[in-house]
Amino acid sequence: MESLLILTLVLTVLVGVSLGLLGGGGSILMVPLLTYVAGLGPQQAITASLVVVGVTSAVSVVTHARHDRVQWRTGLVFGAAGMVGAFLGGLAGGHLPGRLLMIAFAVMMLATAGAMIRGRKNATPRESTDRLPIGKVLIEGLVVGLVTGIVGAGGGFLVVPALVLLGGLPMSVAVGTSLLVIAMKSLAGVAGYLTTTVVDWPLVRALTAMAVAGSLVGARLQSRIPEDALRRAFGWFVVGMGVLVLALELPAPAAIAVVGVAGLALAAVVVCRLVPAGTLPCPASWRRGILDVPLTKEST
């Protein structure tokens, strides 16, 4: 048990790095980590994840704000709507079966990953998020908050795509703004779950400290990596985690089918990357690899 606790604490640093670097992905790592490594029940893992990710995101916002990578108006409006949705989702999630929560978690991961890998066609970053319709931001925030409150994700893997794909924000600004939204929604989600779930607070405090340390490292790395590479790496990372969670939660025949389909899809992507353009009807996003852009912004 002690070795598993140490492993959990060490891996939690990666949660913080993910949040600081990508503006999300914290709960994608944290919920499976607490469920499959620390041995917590789904409801406990989700609640603890919301606390860790929420506090870590709040700390990371400070670093991103100092580099003008936070759009406060959109973040506060989106976050306020998300808090309402997350509280309602947290109330509902506490009464749902644990396996259903994890499967729903994985399905949302895969849907979002697809959007991030495809990208936003003809997207042009907005000069100011003040031009975003308030009604649109409120509706998006409420829906994202509801979904992430139920499945226990802080919301970065949904908020970042919403800000990039729908709001037209540059990836770097979407990352910083996402952290503000995550901090607000996580607090509301925790409030909802605490009505039905008991939390091991000493463990949560230790995990939070490790995640905060990782987030400071991730925030410093964020300014050195180009936006296209971040978006595509984020998308493929979420695909892998989504497939893993489904494989662990679904009955054996369905799990084998999911892994088989994922393997065929990966093989198709590799083939599309190897053959000359126009040989096969491959989607453009399959032909673009993470390493097709410079590894550092300074080299562009």
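Tabulated values for the structure
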read-out	value
Tally of residues being in contact with a Ser or Thr (Cβ under 8 Å, 6 or more places away or on another chain), part of a helix (DSSP H, G or I) and at pLDDT below 75 across segment 152-191	5
Meets criteria (closer than 26 Å to residue 245 by Cβ and of a type in the set (A, V, I, L, M, F, W, C)) for residue 76	no
The lone exception for residue 259 - which of (1) at pLDDT 80 or above; (2) closer than 24 Å to residue 61 by Cα it fails	(2)
Near pairs, Cβ below 8 angstrom, 6+ apart or cross-chain, from segment 88-113 (free of Cβ contacts under 8 Å to residues at least 60 places away in the same chain and under 16 Å from residue 197 (Cβ atoms)) to any residue that is of a type in the set (Lys, Arg) and surrounded by 24 or more Cβ atoms within 10 Å (Cβ to Cβ)	none
Evaluation of residue 70 against (1) at pLDDT 80 or above; (2) surrounded by fewer than 18 Cβ atoms within 10 Å (Cβ to Cβ); (3) not in a helix (DSSP H, G or I) (one fails), failing number	(2)
Number of the exception - residue 224 against (1) part of a helix (DSSP H, G or I); (2) within 22 Å of residue 21 (Cα to Cα)	(1)
Residue match in segment 46-57 (condition: surrounded by fewer than 20 Cβ atoms within 10 Å (Cβ to Cβ) and within 26 Å of residue 202 (Cα to Cα))	no
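The values are calculated or read from the model by the stated rules, or taken from the named source; none is laboratory data. Bear in mind the structure is a predicted one, so any value in this text is a computation, not a measurement. Cβ sites come from the backbone with ideal geometry, for glycine too, and all protein chains shown count toward neighbours.
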